[in-house]
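Taking it in order: structure first as structure tokens, then the write-up.
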Amino acid sequence: MRKFKLQVQMSVDGYMAGPNGEMDWLTYPWTDDINAYLDALTEPVDCIVLGRKLAEGFIPAWAAGPEGEDQASVDKMNNTPKVVISRTLTESPWENAVVAGGDLAETVNELKARPGGDIIAYGGATLVQNLLTEGLLDELHLLVNPTALGAGLAVFPYTADRQPLRLVTARQFDCGITALHLEPQRAR
């Protein structure tokens, strides 16, 4: 079965965006060491999963070729098929993207059962929280920025249930971001 990974940037206090979706707190510019880390993380990926709100900005931004990105990264993001999870869209307005509604676990399990490389989710907050709540992720790659927001869109859902995780690796980069690679600890 394919691995389903999450890559998300977050503040040290667990938010992926400010209260109104602000992203102005993210650490930039990135350094060569974090770029190499992320290149290695995405190299085996052949499917990207996005929530609708994130897709509305993410897909057009990569299609336009974001400033500062090398052509190989732009090509990787544009050429990798995308699945947009949405309750409101019925068809994709974007090239190389399909819309999936319905049961999230069923959609993810169908994707994981297909042949191919890894699958990666980048967000948004609702999708990430639902993936975590339903235990659908195999790996979490949290890029912890050295900023505390105090409030915002949480990475982890507010739930009474614990989510035990095992730290696989932690690595600090020259730009100040620390990557935590975690795996869910599942009952055996």
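The values are calculated or read from the model by the stated rules, or taken from the named source; none is laboratory data. Since the model is a prediction, treat every value here as computed from it, not as a measurement. Every residue, glycine among them, receives a Cβ derived from its backbone with ideal geometry; neighbour counts consider all protein chains shown. When the accessible area is computed, the model is the full protein with side chains, heavy atoms only, and any ligands, DNA or RNA have been set aside. Shrake-Rupley method; radii C 1.70, N 1.55, O 1.52, S 1.80 Å.
A few comments on the model shown:
- Full extension of the segment from T90 to V12, taken as 0.36 nm per residue of separation minus the current Cα-Cα distance, would add 24.5 nm.
- Of the listed residues D24, D46, D138, D103, the order by accessible area with a 1.4 Å probe, largest first, is D24, D103, D46, D138.
- Scalar couplings 3J(HN,Hα) for segment 167-182, obtained by applying the Karplus form with A = 6.51, B = -1.76, C = 1.60 to θ = phi - 60°, are 6, 8, 8, 9, 8, 8, 10, 4, 6, x, 6, 10, 9, 10, 9, 10 Hz; x denotes Gly and Pro.
- Fraction in percent of alpha-carbon pairs per bin - 10 Å, segment 2-103: 13, 40, 39, 8
- Contact order relative to length of segment 79-180, as percent, for alpha carbon pairs under 8 angstrom and 6 or more apart: 19
- Residue-count net charge about A55 - beta-carbon cut-off 15 Å; Lys, Arg +1, Asp, Glu -1: +1
- Normalised by 2.2 N^0.38 Å, where N is the number of residues, the C-alpha radius of gyration of the chain stands at 0.99.
- In units of the compact-protein estimate 2.2 N^0.38 Å, segment 56-97 shows a Cα radius of gyration of 1.24.
- Close amide H contacts of K82 (hydrogens built in the peptide plane, cut-off under 5 Å, sequence separation of 5 or more or a different chain): I48, A97, V98.
- Semi-axis lengths, Å, segment 104-169, gyration tensor of Cα atoms, sqrt of 5 times eigenvalues: 23, 15, 12
- Integer Hz, Karplus 6.51/-1.76/1.60 couplings in order for segment 125-141, x for Gly and Pro: 4, 4, 4, 4, 4, 5, 4, 5, 4, 8, x, 9, 9, 9, 9, 10, 10
- Per-residue ellipticity at 222 nm computed for the chain from its helices equals -8000 deg cm²/dmol, with DSSP H segments shorter than 4 residues left out and the rest contributing -39,500 (n - 2.57).
- Rolling a 1.4 angstrom probe over the chain with all protein chains present gives an accessible area of which 51% lies on carbon and sulfur atoms.
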